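Here's the structure we're looking at; comments come further down.
The values are calculated or read from the model by the stated rules, or taken from the named source; none is laboratory data. In this text, all values refer to a predicted model and were calculated from it rather than measured experimentally. As a convention, Cβ positions derive from the backbone with ideal geometry for all residues, glycine included, and neighbour counts pool all protein chains shown.
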């Protein structure tokens, strides 16, 4: 009994002991046993980022992943799992080798081979690429037809044959050089002193580039060469240097060829340079493949829109492409001519006259086939003066030909307003906008007014000439002046009526223009002599007459000298495409308007002095009223005559510059009033002339000679008039 109870009690105690006993740390109770706990599975995230968890008997530990280590202990294991990235690139400078670039990554690194190298079989080491060998295998033309490819460590370079160059860029294809472009032998450029310096400079640079032995020693500096080019061009573009179209063509061609040589030598992809005479922008793209994308070059007066495909062309690619926009700030004044070849711009049967309406700009691309571009280029040119198109004005896109003339072939106007014109061209050269001025198409009414008015003027001048020639009662110095003034005005009106619009043939038109120039100048010269005579009549008391010889020499000789000098200096200025008159270009028109203004100013002075002296004489106590009234009448008629002639040529100036119907009518009316005014004031208002007319008419009306004798014997006034006619002294001489 006792032993059984003891065993029972002992079993119960053992069971109680097992229930009350705990497992160790890192163990889990499994039934009556303690087993190891796997913390890595039971506690996710027990190790921090960038580390791995490893279970151990009764515990665990954290180990940093590859490329990471404990930030405190600088080892790759940690109990806390505090792991940070290892920068392999900075810890070992030779991680990727000398031919590669090391890039650190989280827990790792990356090796990128330098240009000209490729990855070898061992990771992180790069070996040289033999570009020349690979180019032969593909095949790829690295150095051009006349270039030899030479491999180097990590690169290659092209050795060019004589006459070829890569412009100092070792990995650029060898391109042919034409140094003869800068010889100037026998060409227009050789005749221009300043241009010869540019040619010599550019030829030396070209020869140095084309010589293989010298090219390796010459350090090309395209920027310095470009600056020298435009400095030399600046002196040539100064006034007085370019005297002909051939000089202009020589300069444009030389500068374009020079930019094509200098462009590939420039350091930057975009270069701008400005002087007092030029403004240039040059864009260059280099590489083994043809560039693509748009090109837009702009300055104050023009802009160019094209693309790199057009600039590079479709032929052999030399390893670079170039586009340039060059504007000349003052050249338009020198090329405002040579419009003879422009055809196809007639409107309503009228041929226009042309003048430059923009700055001259040159557009260049490296494409050797610039005469047939695969895509048109767009050039926007700003006008010199703002003006809208109208029936009398339109804008034309033109380019300068090598022959020294403007042409519109292959250039078309796309858009135009008062400020600018947009041109689209199939080829490249030097461009400008031309203003086409169409002559006013004379209406039937204007033609009638012209013919009727000038016919009346001519009839009145004929009466004046007959009166001044045969009316003996008014003989004197002023009558002589009036006679020759009317003769000159009569001949000028004849030429004006018959030939002002007869522009063909050219020789005949120039003759008409010269005659108009001469006789209208003679009219104003005789007007000046009239002013001088009035001054002498008022100031001088005795000897107021002038010898006829002096009058003839002055009245006809002075205009002759002016016309001869003008014809020698500007022979082509006589006759235009619209009128047989002086050209408005090159200042020839001032050989007429200059003397006219001079005569008017002098006569105004003479007339003011005359009026002042008359006022003084009228203020005296016993003035000779008869003489004073005659002088006053002479002065008033002379002033009226000068006003009509002066006003006519004021409107005449506007007529030949701006075609305007109102101005044309005013000019025609004033022109027809000249002869009528001279006849009215110098003939009809003169009492002596009226008496002569009455006598002459009485002779015609009287059918018998006896009636005439009776009339003269019984009519004292007629006898008095006859005595007056037979006298040797005139009213003027008595004064």
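Where helices (runs of 4 or more DSSP H) fall wholly inside the stretch 548-638, the ranges with 3 or more residues that are modelled with pLDDT under 85 and assigned by TED's automatic domain parsing to the domain that holds residue 520 are 590-618. When residue 306 is tested against (1) over 20 Å from residue 427 (Cβ atoms); (2) not in a helix (DSSP H, G or I), exactly one condition is not met: (1). May I ask you to verify whether residue 371 is within 16 Å of the chain's Cα centre (by Cα), surrounded by fewer than 17 Cβ atoms within 10 Å (Cβ to Cβ), closer than 21 Å to residue 341 by Cα and assigned by TED's automatic domain parsing to the domain that holds residue 328? Spelling it out, it is not the case that residue 371 is within 16 Å of the chain's Cα centre (by Cα), surrounded by fewer than 17 Cβ atoms within 10 Å (Cβ to Cβ), closer than 21 Å to residue 341 by Cα and assigned by TED's automatic domain parsing to the domain that holds residue 328. Residues that are out of contact with any strand residue (DSSP E or B) (no Cβ under 6 Å at 6 or more places or on another chain), free of Cβ contacts under 8 Å to residues at least 24 places away in the same chain and not assigned by TED's automatic domain parsing to the domain that holds residue 504 occur at least once in the stretch 323-334. Does residue 295 satisfy the condition of being in contact (Cβ under 8 Å) with a residue 40 or more places away in the chain, within 27 Å of residue 166 (Cα to Cα) and touching a helix residue (DSSP H, G or I) at 6+ places or on another chain (Cβ under 7 Å)? Taking the combined requirement at face value, the residue does not satisfy it. So residue 343 passes all but one of these: (1) under 16 Å from residue 422 (Cβ atoms); (2) surrounded by fewer than 12 Cβ atoms within 10 Å (Cβ to Cβ). Which condition number does it fail? All conditions pass for residue 343, except number (1). Here 311, 280, 321 are screened, and the one residue that is part of a helix (DSSP H, G or I) and at pLDDT 85 or above is 311.
Give the number of residues within the stretch 385-425 that are assigned to a strand (DSSP E or B) and free of Cβ contacts under 8 Å to residues at least 24 places away in the same chain.
Step one: list which residues in the stretch 385-425 are assigned to a strand (DSSP E or B), which gives 390, 393-400, 406-407, 411-416, 420-425.
Then drop every residue that is not free of Cβ contacts under 8 Å to residues at least 24 places away in the same chain, which leaves 390, 411-413, 415.
Number satisfying all stated conditions: 5.
Of all residues assigned to the stretch 111-131, at least one qualifies as being under 27 Å from residue 287 (Cβ atoms) and part of a helix (DSSP H, G or I).
Take the conditions over 21 Å from residue 259 (Cβ atoms) and not in a strand (DSSP E or B) and apply them to residue 428. Does it pass? Judged against the criteria, residue 428 is not a match.
Number of residues in the stretch 276-302 that are under 15 Å from residue 377 (Cα atoms) and surrounded by 19 or more Cβ atoms within 10 Å (Cβ to Cβ): the value is 3. Within the stretch 363-384, the set of residues being in a strand (DSSP E or B) and either closer than 28 Å to residue 418 by Cβ or modelled with pLDDT under 90 (or both) comprises 363, 377, 378, 379, 380, 381, 382, 383.
Across the stretch 240-255, the qualifying residues are those that are outside any helix (DSSP H, G or I) and in contact (Cβ under 8 Å) with a residue 60 or more places away in the chain, and the one among them that is surrounded by the fewest Cβ atoms within 10 Å (Cβ to Cβ) is 244. Suppose we keep only residues that are over 57 Å from the mean Cα position of the chain (by Cα) and surrounded by 17 or more Cβ atoms within 10 Å (Cβ to Cβ) within the stretch 96-123. Which one would you say is modelled with the highest pLDDT? Ranking the candidates gives 104 first.
Evaluated against (1) surrounded by fewer than 17 Cβ atoms within 10 Å (Cβ to Cβ); (2) closer than 30 Å to residue 244 by Cβ, residue 557 falls short on exactly one condition, (2).
So which residues in the stretch 561-584 are in contact with a helix residue (DSSP H, G or I) (Cβ under 7 Å, 6 or more places away or on another chain) and on the phi < 0 side of the Ramachandran plot?
The answer is 562, 563, 566, 567, 574, 579, 580, 581, 582, 583, 584.
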